[in-house]
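All remarks here apply to the structure that follows.
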Amino acid sequence: MERPPPWMLDSDSQKPPKGKYTTPPFDPRFPNQNQTRNCYQNFLDYHRCINNMERRGKSTQPCEYYFRVFHSLCPRSWVQRWTEQIEEGTFAGKI
């Protein structure tokens, strides 16, 4: 069975145990109420982390932090669109 790409991880496996919901911690780089930049930056950081860890042959588990944060902050439609753009090679961000 072929392994899915890292950015397509099953979101159910990334959920905390029932009743143990956490919110992303405060990030001083994004002190404002609008968290759009925080969402986008964590999406980029996740993909950069995955690429670096796989290139070095190390575990990608440390990258799960970014995955949880951007899934908590970003609307699903954004994540789906960005993922499609990455697959098509049209994503504007530098990963």
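Scanning segment 58-95 for residues that are among the polar types (S, T, N, Q) and either outside any helix (DSSP H, G or I) or without any contact (Cβ under 8 Å) to a residue 12 or more places away in the chain (or both) yields Ser59, Thr60, Gln61, Ser77, Gln80, Gln85, Thr90.
Residue-wise test of (1) at pLDDT below 90; (2) farther than 18 Å from Ile95 by Cα.
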{"site": "Pro25", "(1), (2)": "yes, yes"}
{"site": "Asn42", "(1), (2)": "no, no"}
{"site": "Cys49", "(1), (2)": "no, no"}
{"site": "Ser59", "(1), (2)": "no, yes"}
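The values are calculated or read from the model by the stated rules, or taken from the named source; none is laboratory data. Keep in mind the model is a prediction, meaning the values are calculated, not measured. We place every Cβ from the backbone using ideal geometry, glycine too, and count neighbours over all the protein chains shown.
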